[in-house]
Amino acid sequence: MGTEALTPVTDVTVVVTQGGVSLRGSVETIYKGMNAFGVGKRLRIIVLAMFRVLAGISIFCLFALAQQPTSAWQEEVRRCAAAQDWTAAMSIVDREIARAPRDMDIRAWRARVLLWSGKVAEAEHEYHDILTAVPNDPDNWMALANVYSRESRTQDALEALNRAVELDPKRADLHAARGRALRVADNRSEAKLEFRRALELDPTSKEAELGLLSLRSEPRHEMRVGVNTDLFSFVGPNDLQGLSFTSHWTPRWKTSVSENFYQRAGTDAETSVASVTGKLPRMGALTVGGAAAHHNNVIPKNEAFFDYDQGWRLAGGKLLHGLEIIYGQHWYWYTTARILTINEMTLFYLPHDWTWSVGLTGARSHFSGTGAEWRPSGLTRIGFPISAWDERRLQGNVFFAVGTENFAQVDQIGTFSSQTYGGGLRFQLTERHDVTGFAAYQKRTQDRTQTSFGFTYGFRF
């Protein structure tokens, strides 16, 4: 082989750079080394193929090692979010942002954590910053739409989703998200088209399939029948049978009519009640109604009433998810008395579908030949879920009321105070059928008591 100097072939290294992976050392160097040794052409091809395989394996391993830390911190964030440890989740994300401040994907994780933790306004600001840097990412537009939805800004959510669909019109999840927003905006026909488009793009999309199912003709009418009995320790029982019919003509308009039949102190009476409810977005609902009766001097001969209902969703609240306030006034005209009641009920929506309501009532009584007098009363009630099986739901409630009264019916004329204890159950048989029941015990002054119980059955069509 002589004394010719050999060209080294070991100067081949794999380096991972920010732009990718490169091989240092050239094919030319390898060829020179093999030529120096007198290696044949076929053997040189085999050796070079082996180098390429080894280089490919090295590149794959290095990429896997490079990706592992990213997956690790994301999983850590998810674990913290599942435990609602928002401080720890945010510190992990901020650490990654400090490592790569221009990585918008990490900034998007920060926005997600802010939204999950209930900091909706901060999440919106974060997404705006991200979209300023990368305005053509449909995922970030869809995420911003989720923020708007949490803030009940339906139109803004739709505009963000429109932009996302423009950027990538062939993504089924974007069309399904737009379908959900259109459904919330009560644009059912457009929502149906979006869900169908999503299924055309992805026939396996459960989200789109469920979206179409949710747009099936929902029940617009409800019929409810019920009976109620009051047992007194000082007089004979009272009985009530009722029939009501409620119609949701549009999402904004509802009407209700009912007919009630009374048996009190051996006297029959009947009353007819009608009301109409109008709803406006962000303005609440107003109900106005009245009643007329064949009273026979045992029930009011005429009634008039109105209620105003306003609710708020409290995003991110751990102890309070929502709040609803109902204010109403009710006028009763008896044969010998005029009564006005002013009612206020506050309903708190708690975690795990629990509710707590507190109500106050002031009653102004004015009998013929006497002056007017105000009497207060109050009520508190706790509602809670008990069990669920598929469509079936069982819910319960307990309540306590206390107050005074200076009006009633012929067998209760006079002033009394009372404490009432009771509870109820609601059993949802199917989506269209339910049964409710209640029982209550009232202890009055003068050692008098009242026991009440009843049930109603409702079906929707």
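The values are calculated or read from the model by the stated rules, or taken from the named source; none is laboratory data. As the structure is a prediction and not an experimental result, all values here were calculated from the model. Neighbour counts are summed over all protein chains in view; Cβ atoms, including those assigned to glycine, are modelled from backbone coordinates with ideal geometry. SASA here: full protein model, heavy atoms, side chains in, ligands and nucleic acids out. Shrake-Rupley method; radii C 1.70, N 1.55, O 1.52, S 1.80 Å.
At a glance:
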{"item": "Cα principal axis extents for segment 337-461, largest first, Å", "result": "59, 33, 28"}
{"item": "Pairwise label distance in nanometres, T451 with S91, each label 7 Å out on the Cα-Cβ vector", "result": "6.1 nm"}
{"item": "3J(HN,Hα) from dihedral phi, segment 77-92, Karplus parametrisation 6.51/-1.76/1.60, rounded to Hz, x for glycine, proline", "result": "4, 4, 5, 5, 5, 4, 8, 6, 8, 5, 4, 5, 4, 5, 5, 5"}
{"item": "Pairwise centroid distance, computed over Cα atoms, of segment 271-310 with segment 223-237, Å", "result": "22 Å"}
{"item": "Sequence-separation-based contact order of segment 239-317, relative, with Cα cut under 8 Å and 6+ spacing, percent", "result": "21 percent"}
{"item": "Contour minus Cα-Cα distance for T255 and Q74 (0.36 nm per residue)", "result": "60.0 nm"}
{"item": "Accessible surface of D447 - all protein chains present, 1.4 Å probe, nearest 10 Å²", "result": "140 Å²"}
{"item": "Probe 1.4 Å, all protein chains present, accessible-area order of V184, V77, largest first", "result": "V184, V77"}
{"item": "Solvent-accessible area, 1.4 Å probe, carbon plus sulfur percent, for segment 120-224", "result": "49 percent"}
{"item": "Fully extended contour minus Cα-Cα distance, from K170 to T132, at 0.36 nm per residue", "result": "11.3 nm"}
{"item": "Apportionment of accessible area to carbon and sulfur, segment 255-357, percent (1.4 Å)", "result": "62 percent"}
{"item": "Probe 1.4 Å, all protein chains present, accessible-area order of Y441, Y327, largest first", "result": "Y441, Y327"}
{"item": "Rounded accessible area of W354 (nearest 10 Å², 1.4 Å probe)", "result": "110 Å²"}
{"item": "Segment 234-250 - phi-based ³J(HN,Hα) in whole Hz, Karplus 6.51/-1.76/1.60, Gly and Pro as x", "result": "10, 7, x, x, 10, 10, 9, 10, x, 9, 10, 9, 10, 10, 9, 5, 9"}
{"item": "Average accessible surface area per residue within segment 315-372, 1.4 Å rolling probe, Å²", "result": "56 Å²"}
{"item": "Calculated P(r) of segment 199-316 - Cα pairs past 17 Å, %", "result": "72 percent"}
{"item": "Label-point gap, in nm, between L323 and R153 - each point 7 angstrom along Cα→Cβ", "result": "2.1 nm"}
{"item": "Where H295, H321 fall by accessible area, highest first, once all protein chains stay in place (1.4 Å)", "result": "H321, H295"}
{"item": "13 Å reach of a label modelled at R188, 7 Å along Cα-to-Cβ, counting backbone N of segment 194-226", "result": "212-221"}
{"item": "Surrounding net charge for Y327, when Lys and Arg each add one and Asp and Glu each subtract one, Cβ distance under 10 Å", "result": "-3"}
